[in-house]
Amino acid sequence: MKFKIYRYNPDKDAAPYMQEYDLKFEAGDAMLLDALMMLREQDDSLGFRKSCREGVCGSDAMNINGRNGLACVTPLSSLKQPIEIRPLPGLPVIRDLIVDMSQFFKQYHSIKPYLVNNDPPPETERLQSPKDRAELDGLYECILCGCCTTSCPSFWWNPDKFVGPAGLLQAYRFIADTRDQATSERLDNLEDPYRLFRCHTIMNCADVCPKELNPTEAIGKIKDMMVKRIV
Amino acid sequence: MLNRVVTGAHYGLRDWLVQRITAVVMVLFVLFVVGDLLLQPRVDYDVWTRLFSSNVMRSFALLFLLSLFYHAWIGVRDIVMDYINLASVRLLVHVVVIFALLMYSIWSVQILWGF
């Protein structure tokens, strides 16, 4: 099994380079992460993040054969060889496949990803009707792996100003929450040519999302609410 | 000036909406003109001038052109915002594009009502 993996150690290398690996391994139903773990046994300098190994933590997002995805839920049998692995595009590389996600989380924090409700907390939880709760389906499942945001050209060009698909999906997750009382402030916060309107609906985000969520649709709903607010 | 990232201009929605509305106007006009010309047995100067001789058609054409210019302004501005990093250069390009589009608008009126 042949691999071409992006390598860069800023302490030692002048520039990034692609390293070739050959792994004697019968893929079967194994995932890409299994192969990476075996490669790391051969070469312990290979850097990548991983944790839950089942598509829940979002640590091992990387660019696999030109497409962002989670190594732990990408079957090896689905990949054309040599399997080319690069770090997520558009973010600074710390080492090999490890990227600095600060900018990504800065944008996530900018949309206030928590419930804003000024009523005194009830004795038990704030209950929702099943119908209201269903509005959050397809939004709350996001694991913040960064596959969508780093596949978005608008984020590549304006990572400091455009919130990006993951942040906007989360913004809509709180706008859609009936327990949240800050809808209007949230819309104000996004009414900006850079923060929201850099999205030109090219849908790379929905295409790569490993949880099969649709940030483009959520962004469209934010725009719809803004239109509803002014007409 | 402080080197801070600033956002929060509180516009964007109107332009996004106008871009969609102007697109619809342009589609309607193109369908109408292409449809009308397809129905003609032949297309020559006479057919073309007759089509544009009524004020209704001229107004529709002007509406189309103004839609085109506004649509173009939003599109060009979006590209400029992505690719020109220096705010002063961005402003300069914005002004040049706006003046050019205003001139085209005046010119369009001249062309449509000037023959």
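Bear in mind these aren't lab numbers, they're just calculated from the coordinates by the rules spelled out. Here the structure is a predicted model, which means the values were calculated and not measured. No Cβ is skipped: glycine too gets one built from the backbone with ideal geometry, and neighbour counts run over all protein chains shown.
With the Cα gyration tensor of the range A:1-113 in hand, give its eigenvalues times 5 under a square root as the equivalent ellipsoid semi-axes, listed largest first in whole angstrom.
In descending order the semi-axes read 24, 18, 12 Å.
Taking neighbour Cβ counts within 10 Å as the exposure measure, how do B:97, B:30, A:163 sort from fewest upward?
With the fewest neighbours first, B:97, B:30, A:163 line up as B:30, B:97, A:163.
When chain A is treated as a GNM, springs tying every alpha-carbon pair under 10 Å, which of A:57, A:209, A:148 comes out with the largest mean-square fluctuation?
It is A:57.
What is the distance in Å between the Cα centroid of the range A:108-133 and that of the range B:94-109?
50 Å
Given the options A:92, A:130, A:153, which has the most mean-square fluctuation in a GNM of chain A, springs set between C-alpha atoms less than 10 angstrom apart?
Of A:92, A:130, A:153, the Gaussian network model singles out A:130 as fluctuating most.
When the Karplus curve 6.51 cos²θ - 1.76 cosθ + 1.60 is applied with θ = phi - 60°, which whole-Hz ³J(HN,Hα) does each residue of the range A:39-44 get, with x for Gly and Pro?
The phi angles translate into 5, 6, 5, 6, 9, 6 Hz.
Sum -39500 (n - 2.57) across every DSSP H segment of at least 4 residues in chain A, then divide by the residue count to get the 222 nm mean residue ellipticity, nearest 500.
-8500 deg cm²/dmol
Which one of A:136, A:184, A:213 is farthest out on the positive end of the charge dipole of chain A, using unit charges on Cβ (Lys, Arg +1; Asp, Glu -1) and the Cα centre as origin?
Result: A:184, furthest along the dipole toward the positive end.
Under 18 Å from a point 7 Å along the Cα-to-Cβ line of residue A:141: which residues of the range A:62-102 have their amide N that close?
Taking a point 7 Å out along Cα→Cβ of residue A:141, the residues of the range A:62-102 whose backbone N falls under 18 Å are A:69-75.
Given the Cα atoms of the protein assembly as shown, and with Rh set as the inverse mean 1/r over their pairs in the Kirkwood sense, what is Rg to Rh to two decimals?
Taking Rg over the Kirkwood Rh, I get 1.08.
Note the angle between two axes, namely the Cα long axis of helix B:13-39 and the longest principal axis of the Cα atoms of chain B, as a number of degrees from 0 to 90, rounded to the nearest 10.
Roughly 20 degrees between the two axes.
Compute the distance in nm between two label points, each set 7 Å from the Cα along the Cα-to-Cβ direction, one at residue B:72 and one at residue A:157.
If labels sit at residue B:72 and residue A:157, their model points lie 1.9 nm apart.
If you bin the C-alpha pair distances of the range B:13-113 every 10 Å from 0, what whole percents do you get?
Distribution as computed: 14, 36, 30, 15, 6, 0 percent.
Which of A:172, A:114 has the fewest other C-beta atoms within 10 Å, and how do the rest follow up to the most?
A:114, A:172
Using amide H atoms built 1.01 Å from N in the peptide plane, name the residues 5+ places from residue A:94, or on other chains, whose amide H lies under 5 Å from its own.
A:99, A:100
Say each of residue A:30 and residue A:43 gets a label point 7 Å from the Cα, pointing the same way as Cα to Cβ; how far apart are those two points in nm?
Distance between label points: 1.6 nm.
State the antiparallel share, in %, of DSSP beta bridges confined to chain A, rounding to the nearest 5.
About 85 percent, rounded to the nearest 5.
With a 4.7 Å Cβ cut-off, tell me which Cys residues in the protein assembly as shown come up empty for a partner.
A:72, A:142, A:145, A:147, A:152, A:199, A:209
Near residue A:19, within a Cβ-to-Cβ distance under 10 Å, what is the net charge of the other residues, with Lys and Arg +1 and Asp and Glu -1?
So the environment of residue A:19 carries a net charge of -1.
Among B:105, B:45, B:88, flag the residue with its Cα farthest along the positive direction of the charge dipole of chain B, charges on Cβ as +1 for Lys/Arg and -1 for Asp/Glu.
My answer, from the dipole projection, is B:88.
Can you give me the angle between helix A:215-230 and the longest principal axis of chain A, using Cα atoms only, in degrees from 0 to 90, rounded to the nearest 10?
So the inclination is approximately 20 degrees.
Taking the Cα atoms only, what angle lies between the long axis of helix B:55-83 and the longest principal axis of chain B, rounded to 10 degrees?
Roughly 30 degrees between the two axes.
Place a +1 charge on the Cβ of each Lys and Arg in the range A:1-86 and a -1 charge on the Cβ of each Asp and Glu, then give the dipole magnitude about the Cα centre in debye, rounded to the nearest 20.
The calculated dipole for the range A:1-86 is roughly 260 debye.
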